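Down below is the structure, laid out as structure tokens.
The values are calculated or read from the model by the stated rules, or taken from the named source; none is laboratory data. Note that the coordinates shown come from a computational prediction; the quantities given were computed from them, not determined experimentally. As a convention, Cβ positions derive from the backbone with ideal geometry for all residues, glycine included, and neighbour counts pool all protein chains shown.
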Amino acid sequence: MSAARLPPPRAPDLAALIRAESARLAAACTACGACVGACPMVPTLPAVAAAAPETVAAGMRAVLRGEAQAAPAGSVAWIGACTRSGLCTAACPERLDAAYMMRLAGMRLRGALGAGEEGGPPRLPAREDPGWSARVKAFARLTLTEEEQARWL
């Protein structure tokens, strides 16, 4: 009889999942800059266009590691401008989900892990979208446990 394969244990809460996934992807990323080079938003961001793609990617890795204060302004601008085109994922030579990395980095910069856990206040402003909160809460009610809903909503 073969042993049944169990799924990996789920993180105890959303913040732990964000931290764990961020650390895993930051360790796997080589900061080669291919994702930055493929991004359609780079030409619209002077701070990013003027920087070396490797530097911008390294800043994104720093954010994923919880070192947001060490990330250059160009990296923060790039994370904040992400449109989720997915071109970064297709360009990654490591075959990492770079779009997912950008989402996690955005969460960390917006302070999704709680006050003080990232070394200061959030560095990215919330997007101006009056219906955004209601859509997020509706989706969250479908995916979060009651305890997580009480904490996050």
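For the reader, a short list of remarks on this structure follows.
- Members of the stretch 75-108 found to be surrounded by fewer than 24 Cβ atoms within 10 Å (Cβ to Cβ), without any contact (Cβ under 8 Å) to a residue 40 or more places away in the chain and closer than 14 Å to Val36 by Cβ, listed by number: Ala77, Ala99
- Residues located in the stretch 107-153, provided they are assigned to a loop (DSSP other than H, G, I, E, B), modelled with pLDDT of 70 or more and more than 27 Å from Arg61 (Cβ to Cβ): Leu144, Thr145, Leu153
- For the stretch 9-18, the condition of being modelled with pLDDT of 95 or more and either of a type in the set (Gly, Ala, Ser) or not in a helix (DSSP H, G or I) (or both) holds for none of the residues.
- Test for Ala58: is it within 14 Å of Ala105 (Cα to Cα) and either modelled with pLDDT of 90 or more or part of a helix (DSSP H, G or I) (or both): yes
- Scan of the stretch 51-68 for residues that are farther than 16 Å from Cys32 by Cα and more than 15 Å from the chain's Cα centre (by Cα), ordered by number: none
- Subset of the stretch 29-55 [in a helix (DSSP H, G or I) and either in contact with an Asp or Glu (Cβ under 6 Å, 6 or more places away or on another chain) or more than 16 Å from Pro93 (Cβ to Cβ) (or both)]: Val42, Pro43, Thr44, Pro46, Ala47, Val48, Ala49, Thr55
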